[in-house]
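The values are calculated or read from the model by the stated rules, or taken from the named source; none is laboratory data. As the structure is a prediction and not an experimental result, all values here were calculated from the model. Cβ placement follows ideal geometry from the backbone for every residue including glycine, while neighbour counts extend to all protein chains displayed.
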Amino acid sequence: MAPAARARTALASRLTPRDRAILDALHTHRVLTTHHIAALFYSGHTRRTRTRLATLHDLGAVERFRPHRTSGSAPVHWVLAPAGARALAEYRGIDIAELGYRPDRALAIAHSSRLAHTTGILDVMTVFTTAARSSPGAAVETWWGEVRCAREWGRHARPDAYTRIHTGTARIDLFIEYDTGTEPLERVAAKLPGYAALAAATAITTPVAVITRGHQREAHLAEVLTAATTDRVPVWLSTADRITGPGPAAPVWRRAAAPSRHSWDALAA
């Protein structure tokens, strides 16, 4: 047996169902940090996560990088490696070309100027998922990233993510805009007419959640969005530290025109 074939056989014999779920998530989201994988697949157990990811790296299933930061240390970021993509395609019974995996594209995200934005959105996905798991009857039923959103609604709006959440008492459909603070406030507000046009075209009203990186930015956005918001587009605001601290199910959401905070059940209204 050729060395490449032996390596593929060895990988197939070592992969667990959880490993395949991790590979699938890496293919879907392009990149995940150790923290994301620990929260989503190991109930927050970081040591177990690191140990298993190191094994998957040794098997050639995943690749890793650590982006440069001017201060502090960035977490390890993980992407799908070619051997992992082949294993995932074979498990699905499709050719790797059908999987849509390209090694150059998988690793290119390490150099992307949008990496912080991408991982910020994945932070939101992770805290939504873990919050739902801790609430009886709750679940994140759907999560689509920006590529899928652009394919579905790009004619009118291009949200960073779309999610459907069952909170246990209500079902919420939500568009998410993750604001890193680099865009002018007016540019963020200029996205709302697109959401209004989408609501008019589909006859479906879907709230928009704008999640900012700071409290002052949220306050300034609230002023601008109050003037821009239409009755057809409910807009809610929160900050990244609020949804990762108290959590998205807690009273951390406010309307642009009102400072009072509400739990995520209010987003269903």
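Report the residue count in the range 195-248 for those that are farther than 20 Å from Ala157 by Cβ, touching a helix residue (DSSP H, G or I) at 6+ places or on another chain (Cβ under 9 Å) and among the aliphatic types (A, V, I, L, M).
2
If we keep just the residues of the range 205-249 that are without any contact (Cβ under 8 Å) to a residue 12 or more places away in the chain and part of a loop (DSSP other than H, G, I, E, B), which is nearest to Ala138 (Cα to Cα)?
Pro246
Are there any pairs, at least 6 apart or on different chains, whose C-beta atoms fall under 7 Å, with the first in the range 155-179 and at positive phi and the second aliphatic (A, V, I, L, M) and part of a loop (DSSP other than H, G, I, E, B), and if so, which?
Going by the 7 Å Cβ cut-off, the qualifying pairs are Gly168/Ala138.
When you go through Ala61, Ala108, Ala97, Ala74 one by one, which is the residue that is surrounded by 18 or more Cβ atoms within 10 Å (Cβ to Cβ) and either β-branched (Val, Ile, Thr) or without any contact (Cβ under 8 Å) to a residue 60 or more places away in the chain (or both)? I'd like the intermediate steps shown before the answer.
On the way: Ala108 fails: surrounded by 18 or more Cβ atoms within 10 Å (Cβ to Cβ); Ala97 fails: surrounded by 18 or more Cβ atoms within 10 Å (Cβ to Cβ); Ala74 fails: surrounded by 18 or more Cβ atoms within 10 Å (Cβ to Cβ).
Of the residues listed, the single one that is surrounded by 18 or more Cβ atoms within 10 Å (Cβ to Cβ) and either β-branched (Val, Ile, Thr) or without any contact (Cβ under 8 Å) to a residue 60 or more places away in the chain (or both) is Ala61.
Evaluate the following for Arg50: is it among the charged types (D, E, K, R) and over 17 Å from Thr28 (Cβ atoms)? Break it down into steps so the answer makes sense when it comes.
Details: among the charged types (D, E, K, R): yes; over 17 Å from Thr28 (Cβ atoms): yes.
Answer is yes for this residue.
Determine, yes or no, whether Arg47 is modelled with pLDDT under 95 and over 22 Å from Glu146 (Cβ atoms). Give the derivation first.
Working: modelled with pLDDT under 95: no; over 22 Å from Glu146 (Cβ atoms): yes.
No; evaluated as a whole, the condition is false for this residue.
Among the strands (runs of 3 or more DSSP E) contained in the range 61-156, which hold 2 or more residues that are within 15 Å of the chain's Cα centre (by Cα) and either of a type in the set (Val, Ile, Thr) or outside the structural domain of Leu23 (by TED's automatic domain parsing) (or both)?
Values: elements: 62-65, 77-80, 139-145.
Where strands (runs of 3 or more DSSP E) fall fully within the range 61-156 and carry at least 2 residues being within 15 Å of the chain's Cα centre (by Cα) and either of a type in the set (Val, Ile, Thr) or outside the structural domain of Leu23 (by TED's automatic domain parsing) (or both), they are 139-145.
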